Amino acid sequence: MDQKHFSEITSFLEDRLRPLFDPETGSDHGFGMDDTSRALRALRGAVSSAAAVKGICEQRATADGELRRVIDQTLAHNWDQLVGLARHWEDHPDFRPLFKRGSWDFEPEPSAAGASEG
């Protein structure tokens, strides 16, 4: 999985969540202290946190073995969080098969350091 995968699933999730906060659609949730608003903010926060991988993806290519394993674990964890959220909209016409793939379904990518060693 790479930054493009994260961007695609994040865009999908943000497109589902944005209308829930939009007063133009009649929503009064998201900004109050009621349980629905709190839940919406928590969900949006979870998506934002799991999607914040740009710097990690960039570091991955040049990371040494130990750091690369930590990065891979972080990316896998974050991806699986986003997939778990996206699957709630599996019946949506914009849902893509990519959003069903677990982190273990991606082929391991060689590192730049590993490629230069062989």
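Only the coordinates and a few stated rules stand behind these numbers; no lab work does. Remember, it's a predicted structure, so these values are computed and weren't measured experimentally. With ideal geometry, Cβ positions are generated from the backbone for all residues, glycine too; neighbour counts draw on all protein chains shown.
Only helical runs count toward this figure. For the chain, summing -39,500 (n - 2.57) over DSSP H runs of n ≥ 4 and dividing by all residues gives -19500 deg cm²/dmol at 222 nm.
For the chain, the alpha carbon convex hull comes to 113 Å³ per residue, rounded to a whole number. Net length available on complete extension from residue 22 to residue 36 is 3.6 nm, with 0.36 nm assigned per residue and the Cα-Cα distance removed.
Quick one: among 72, 35, 80, which has the greatest mean-square fluctuation in a GNM of the chain with alpha-carbon springs under 10 angstrom? Highest fluctuation of the listed residues: 35. Neighbour counts of other Cβ atoms within 10 Å put 1, 33 in the fewest-to-most order 33, 1. Take the Cα of residue 106, step 7 Å toward its Cβ, do the same at residue 81, and the gap between the two points is 1.5 nm.
Available extension along the chain between residue 3 and residue 88 is 28.4 nm, counting 0.36 nm per residue and deducting the alpha carbon span.
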